[in-house]
Structure formats: C-alpha cells, structure tokens
Amino acid sequence: MITLCERLPLICADNAELIKIKCLYDSYKADDKVLFWCQDQDKAVISMTDGNMIIFNNGADLEELKEFTDVLAPACVFSDYETLCALNRKPRERINIMWRFADIKAELCGEELSSREVYDLLDVDGLSLPEYPYFAVDYCRRLNHGFADYFALKNKCAAITFKTGEYAIINGIAAKQKGYGSVALKGILSKNYGKKLFVCCRDKVKGFYEKNGFEPLYYGGYWVKEF
C-alpha cells in the first residue's frame with residue numbers, strides 16, 4: 001500500500017531519484033503543498049510538487065505504482081528509465097545518471113551574485129529552467145537553509161547543487177564563454193568537497209563529465225505529459 005509519510009525512510013543508496021527526493025524533503029517537509037509517499041516496506045519513495053513527481057523504485061509493486069500515478073496524473077515524472085517504461089511513461093530520451101567523489105579543491109574563488117544573475121547565466125540552450133519567480137523562491141529557500149551551493153563568475157559561468165547528508169546533485173551548470181564549463185564544474189566540486197556528487201545529463205555532454213572524472217551508473221528519464 002502506498003501511504004503519505006511524514007518522515008522519509010532511512011534508505012542510503014547511490015541513486016539520483018532518492019537524492020532529489022531527500023533534498024526536496026529537507027527544504028519542504030513543513031510545506032503541505034509538497035507531498036511524500038512510501039510503498040510498503042519502503043519498496044518505493046515518491047514526492048510530488050506542482051505536478052512534478054519523482055519516483056525512487058526500491059523493488060516496487062509496479063502494478064500498484066502504475067495505478068497510483070494514473071490517479072494522480074502528474075505533469076512530469078522523473079525516475080529510472082526502466083521504471084518509467086514499466087509505468088507506460090516512456091521518456092523521449094534517456095538521461096545519463098553519473099557520479100564522482102568531490103575530492104578536489106579549486107584555487108579559483110567564485111563571486112557573490114544575485115539569484116537573477118545566476119538564473120541568467122543558467123538560461124542557455126539545453127537547460128530546462130522554470131520561470132524566474134519560481135526559480136528564485138526555490139533557490140533562495142534552499143540556499144538560505146543550507147541545502148544548496150553555487151559557484152559563479154559574472155558573465156562567465158554558474159553551477160548549482162542541492163545537497164543532503166553526504167550527497168549532492170548538480171541542478172544546473174552552464175558557461176557563457178568557452179572553457180568556463182570546466183571552471184564551473186571544478187568550482188562546484190570544491191563547494192561540495194567530501195560529498196558524493198551526482199549529475200543527470202544528456203548524451204551530448206556525457207563526454208564532458210567523463211573527462212572530468214564522472215562515472216556512469218544507470219539511465220534515468222523525464223516523462224512529460226503532452227497537452
């Protein structure tokens with residue numbers, strides 16, 4: 001049975017979906033507009049906010065999970081690729097889930113930029129950003145509560161991570177000038193020194209992350225409802 005949960009189960013796994021859910025929980029556990037569910041014996045952990053659902057499959061009862069997602073009718077679902085296909089929500093493309101240990105310290109210090117300046121740096125082709133007002137509220141909330149980090153150089157590059165416990169996940173990285181993608185990545189690695197850092201990326205940038213020490217784990221995906 002899938003039921004609402006006030007506290008997330010104590011599951012540790014190198015899994016981007018679970019990390020995203022835990023990051024969301026850390027910042028929004030007191031917000032009744034953000035919901036969290038668990039399936040019996042922690043077979044699945046699910047979150048949903050503003051129609052966006054994340055599913056961590058931990059040996060889930062897929063028949064029940066499919067019925068559950070059909071009833072809630074989310075606008076977007078993020079999960080591993082196999083789970084999405086089993087739920088008849090096959091995404092248009094597979095996303096590479098990759099990781100590396102953040103074991104370097106950058107010599108270059110980032111600059112303090114406003115949320116608007118960071119947003120404008122991340123507003124590039126290939127990144128799907130929400131509207132700025134939504135981004136600013138979420139970004140500032142996580143940052144002010146110590147659940148996010150950023151590295152930025154004005155007019156050059158920016159990177160954001162969300163973090164929970166020993167884990168962090170890149171939520172956006174972009175460069176306005178050639179060569180600064182690596183600078184942003186090195187900077188955000190330094191900000192998360194000692195953590196396991198994850199990224200969800202398309203095939204066209206997989207080589208960039210592999211060149212910078214990331215290893216592939218599995219495929220994920222975003223299913224988006226067609227209107």
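A 20 angstrom limit on the alpha carbon distance is what I want to check against. Which of Lys66/Lys206; Lys176/Lys204; Lys154/Lys191; Lys178/Lys211; Lys154/Lys206 exceed it?
As for pairs spanning more than 20 Å Cα to Cα, those are Lys66/Lys206; Lys154/Lys206.
Taking 8 Å as the Cα distance limit and 6 or more residues as the minimum spacing, I'd like the relative contact order of the chain as a percentage.
Rounded, it is 25 percent for the chain.
Picking from Lys22, Lys178, Lys43, which is most flexible by a Gaussian network model of the chain using Cα springs under 10 Å?
Fluctuation is largest for Lys178.
Which Cα, out of Ala75, Ala44, Leu87, lies furthest along the positive dipole direction of segment 7-94 (beta carbon charges, K/R +1, D/E -1)?
Ranked along the dipole, the leading option is Ala75.
So which residue, out of Phe151, Phe68, Phe56, gets the largest mean-square fluctuation from a GNM of the chain using Cα contacts under 10 Å as springs?
Phe68
I need the phi-derived Karplus couplings for segment 176-183: 6.51 cos²θ - 1.76 cosθ + 1.60, θ = phi - 60°, integer Hz, Gly and Pro marked x.
After applying 6.51 cos²θ - 1.76 cosθ + 1.60, I find 8, 10, 4, x, 8, x, 5, 5 Hz.
Determine the per residue accessible area of the chain with all protein chains present and a 1.4 angstrom probe, expressed in square angstrom.
Value returned for the chain: 53 Å² of accessible area per residue.
Convert each backbone phi in segment 213-227 into a coupling constant with the Karplus relation 6.51 cos²θ - 1.76 cosθ + 1.60 (shift: θ = phi - 60°), then list the ³J(HN,Hα) values in order as whole Hz, x for Gly and Pro.
Here the 3J(HN,Hα) series is x, 7, 10, x, 10, 6, 9, x, x, 10, 8, 10, 5, 8, 9 Hz.
Ignoring ligands, DNA and RNA, what percent of the accessible area of the chain is carbon or sulfur (1.4 Å)?
Answer for the chain is 48 percent, counting heavy atoms of protein chains only.
Rounded to the nearest 500 deg cm²/dmol, what is the calculated helix-only ellipticity per residue at 222 nm for the chain, with -39500 (n - 2.57) per DSSP H run of length n ≥ 4?
That calculation yields -9000 deg cm²/dmol at 222 nm.
Considering the chain as a Gaussian network with a 10 Å cut-off on Cα pairs, which listed residue, Gly213, Gly172, Gly110, attains the greatest mean-square fluctuation?
Sorting by GNM fluctuation, first place goes to Gly213.
Using θ = phi - 60° and the Karplus curve 6.51 cos²θ - 1.76 cosθ + 1.60, what whole-Hz ³J(HN,Hα) does each residue of segment 145-152 get, with Gly and Pro shown as x?
So the J values, rounded to whole Hz, are 9, x, 10, 8, 9, 9, 10, 8.
State to the nearest 20 debye the size of the charge dipole of the chain about its Cα centre, where the only charges are +1 on K and R beta carbons and -1 on D and E beta carbons.
That gives a dipole near 840 debye.
The values are calculated or read from the model by the stated rules, or taken from the named source; none is laboratory data. As the structure is a computational prediction, the values presented were derived from the model and not from experiment. Reconstructed Cβ throughout: ideal geometry from the backbone, glycine too, with neighbour counts over all protein chains shown. Areas reflect the complete protein model, heavy atoms only, side chains present, ligands, DNA and RNA absent. Shrake-Rupley method; radii C 1.70, N 1.55, O 1.52, S 1.80 Å.
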